[in-house]
Each structure stands twice: as structure tokens, then as C-alpha cells.
1. What length, rounded to one decimal in nm, is gained on full extension from B:VAL67 through to B:LEU228, with 0.36 nm per residue of separation minus their alpha-carbon distance?
2. Per the 1.4 Å probe, what fraction of the accessible area of the range A:183-229, in percent, lies on carbon and sulfur atoms?
3. Hey, any idea what % of chain B's accessible area is carbon plus sulfur with a 1.4 Å probe?
4. Between B:LYS247 and B:ALA35, what is the spin-label point distance in nm, taking each point 7 Å from the Cα along the Cα→C-beta axis?
5. Within the set of other residues whose C-beta is less than 12 Å from the C-beta of A:PRO224, count the net charge using Lys and Arg as +1 and Asp and Glu as -1.
6. When the chain is fully extended, how far beyond the present Cα-Cα distance does A:THR4 get from A:ALA234, taking 0.36 nm per residue of separation?
7. Check A:ASP214: other-chain or 5+ apart residues with amide H under 5 Å from its amide H, H built from backbone geometry?
8. Apply the Kirkwood formula to chain B: the hydrodynamic radius equals the inverse of the mean of 1/r over all pairs of different alpha-carbon atoms; give it in Å with one decimal.
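The values are calculated or read from the model by the stated rules, or taken from the named source; none is laboratory data. This is a predicted model, so every value here is computed, not measured. All Cβ positions, glycine included, derive from the backbone under ideal geometry; neighbour counts span all protein chains shown. For accessibility, only protein heavy atoms count, side chains too; no ligands or nucleic acids. Shrake-Rupley method; radii C 1.70, N 1.55, O 1.52, S 1.80 Å.
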Amino acid sequence: MENTFAVEIQGLTKSFKDFRALDTIDLKIKHGEKVVICGPSGSGKSTLIRCINGLEEFDDGKISISGKPQNPAKESYVSDFHIGMVFQQFNLFPHLSVIENLKLGPMKSLGLSEKDAETRARKLLERVKIPEQALKKPNQLSGGQQQRVAIARALCMEPKLMLFDEPTSALDPEMISEVLEVIVDLAREGMTMVVVTHEMGFAKKVADRIIFMDEGSIVEQNSPGTFFKNPQTARCKKFLNQILHH
Amino acid sequence: MFRVLILILILFSLSSCSSPEGTWGWYVIDPTTKAGWTNIKFLIGGFYSTILLSIIAAFLSIFIGLVVALPAMSDNKLLKLFNRVYVEFIRSIPLLPMLFWVFYGLPVIFQSLGLKIEIDAFWGAVITLAISDSAFTAEIYRAGIQSISRGQREAAQTIGLSQFQAMRYIIFPQALRRILPPLANQFIYIVKMSAFASVIGMQELTRRANEIVVTEYRPLEIYTLLILEYLVLVLLISFAVRWLEKKLGSNESNSN
């Protein structure tokens, strides 16, 4: 296990009709590594992480999760190496209460008893600092609280890898920090994670590596220090200028 | 709607002050006379068949509709095609020709196959109504299920639910509240369309009204009563549906 990578991608290619979303991507992510992916919209960031957990089919290439090759056909991977996902739009289940949102996966998919699932869910609500909202419906919460519930729901499956797809892009500015805090805590505890985000301050703080994507390819990747101080390519410089000095 | 009802009741009461030669002939359904009471009992007796026919047809339609709608959600092109062909084909057949085809045509097919299956007026009407309506219920299911965003399905997938579990715990409970009102609409439609069963001789509301009209020559009075009979039936269904919707809405807060 220690010798293998958490995620190993070789030659990953995917097209939507005529549009090439991913163009022969190679990427290896170590266990415990925190990777931030940035880049202009339409550059393939979301598509890449959606391929990692099977939400998106891919045309060519290989993806291995913790040494196990995955099928390119769309399927969700439930195994001992579970992958958690947090979406830009939260995607909480609106007809279920917060605690039910958390309990559903462990009960139906992992086969936990209601009591065990409840204990686990309560613990995670404490961790994302909203234990008092357990019985409310998602639409009674603020955006920041909803996204924290979504993170807790993903953690309830005890994932070995967490994917974040622009977790703060749908939030009001004053709620961004409360969500980022939770993700930073998670990073400190050693969770392997891939985060698509434009929050460069956050990237500086937690990332082991920053990947810059454009037009379906990885253009540049580096440690945060080098990435921000000394970008290697013109495209990356331009992007950083736009995002840091607007 | 209640104003219309009151207006018609006033019309009824006017019957007593009509001229002796009589443009009005409400006596045919005057409950105070023996003949009038007999007529009313005969007419109202049609409720039983109309209600039974509608309920059985509606249940069958709700079931067939679901069976037809589910293939539309699949990724399999052949299953999707089955759904489209069924819906387009059945939806384009007018009810009356289909009723004739089932009642007069289908037994010929059974006969040529050596099957001894008889179709009486009741079951002929049930089958026709159920199949004809199922194309519409299938579309209602499809619209309701597809109105639930893709993100819901994806979120279900990322917490390890199977496709069936996602449907059972996430998609269907949310779709149900959107499906119920149009389904109720379809039930009202079935109740009204069941009047067509009169032409193949089923003794439901419309058939009975026709029979009295033929013997009494009082179409206005009898058809007025017939319309009122349907009105009462449909209003009752509407109230029941409102109640059910409310109950479902309030249940949502603690559903699982």
C-alpha cells in the first residue's frame, strides 16, 4: 500500500463530441498528498476529478486507485478505498434532514446499524461545527453550513481520498472562510485530497503541489512556493495575474 | 364552481312554476313521484360501474405507466426506444376507436389463436382506458423523475448507493410530490372518459341516462342530472387529492 500511489493516471483522454476536455493527462498523487488544481474555466479541472471517482466516463488511458485499475465505463467505486466528493452546488438531499443526509450512505452502502450511523454522523457534525442543526432540512441552512454538511456527509463514508470540486464557488464571500477552515483542518489530519479551487490563499496554505491546467492539459505543476513566485509558462503567468490582481 | 351548482339548483326549483303544457319536464326525475324516484334510482345506480371501472383502470394505468417510464431512464438505447414507440403509438390512438378494437377486434384474434377468452363490456372498457391512459402516466413519471437534478443522482453515487438505491431513497421520494398532482388530473380524465364505455353497452352513468332519455324523451333534464353526477364525482376526487397532497407535504418534514 505504501509503495503504490493513491491515484495514478496515465494518458487520460476524454472528449465531449468535438471538444477535447482532457488530453493525455499523466498524474500521480501520493497517499496523504494535497493537490490543488487551478486554471481557467473549461480547462478540464472538474472533468479530471470526476473521472477519478467514476462520475464521468473516459475514452482512453488508465486510472488506478491505490494500485487498483479502474474501468473506463461509468461506475461508482465502493471498496475499502472509498473516494469522497464535495460538489460546487452542495447537492444535499433536500427531502432529508441534515442527520439523515449523513446516515444514508453508511446505512445503505456500508451496512451500518442506525445507531452506529447516528453516532458517526453526530461526531462529524461536531467536527464541522454544526451539531445543533442535525434535525433541520438543508434549505433551512446558510450556504456555508450546507457545504459543511456536504463535507460531513462525504466523511461519513470514511473515505481515503477526498475530491473537492470548487467547494466555495457557489458561496457568498463571508461564508467562504468557514468552509475553507474545515478543509484546512482535514488537510492537517493527513487526508489525501484533490481540490479544484480559485482560492489561492487556501492553496498556499495547504497544497503540497499546485497544478495549472489549460485546454485539457496539465501546463505546469509545482510546489506552492515556486508556483506563485516563479511561474514557468506565459499562460500560467497570465492566469495568476488575472486571479491575484483583479 | 359552486355558483354554477346553485344556478342549476335554481333551475330545478323553477320546474314547479313552469307552464302546464311544459317546456320543462323535471317530473321525470322528481323524487316525490314514484316514477321519478324509480328513474333517479336507476340513473344513480350507474355510479357503481363508473367508479369501479375508473379505479381499476387508474390503478392499472399507474402500474403500466411506471413499467413504461422506467426504461426511459436507462442508458440502454433499445429500452429508450421501447418507451418512445409505446408512448407515441398509444398516445395517438383516439379512445373510441381503441375501445372498438379491443371490444370487437381483440376477441377475433383470441379466437383465431384458439383461446377461449371473452371480453365483456366492463373489462373491454377497463383495458382500453388503462392502456390509453398509461402513455400519459408514463410521460408524467418521466417528467417527474427527470426534473430531479443530475447532481442528486451523482451525490447518491458518491456515497456508494446503487442505481436502485438512488432511485428508491433519493430520486423517487422527491419526484413523487411533483408526480401526484398530474396523476390526479389523469384520474379525473379517466372518470370522464369512462362515459365512452356506454357505446359498448356497459351500464354506467351515461348508458343509463341514454336509456331513460330514449323512453322518456326528456334529454335536457336527464342529461343535466348526468352532468351533475360527474360533477359530484370529480369534485370528490379533487378534494381527496388536495388532502393527500397536504398530507404528503407535511410528511416530508420527517420522511426517511
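1. On the way: separation 161, 0.36 × 161 = 57.96 nm, distance 3.56 nm.
My answer for the length gained is 54.4 nm.
2. Roughly 42 percent, rounded to a whole number.
3. Values: 9950 of 14550 Å².
Solvent-exposed carbon and sulfur of chain B make up 68 percent of the total.
4. According to this spin-label approximation, the distance is 4.6 nm.
5. Numbers: positive: A:LYS34, A:LYS204, A:LYS205, A:ARG209, A:LYS229; negative: A:ASP208.
Here the charged neighbours net out to +4.
6. Numbers: separation 230, 0.36 × 230 = 82.80 nm, distance 3.39 nm.
Gain on stretching A:THR4 to A:ALA234: 79.4 nm.
7. The list, which skips near neighbours in sequence, is A:VAL219.
8. After inverting the pairwise mean of 1/r, the radius is 21.3 Å.
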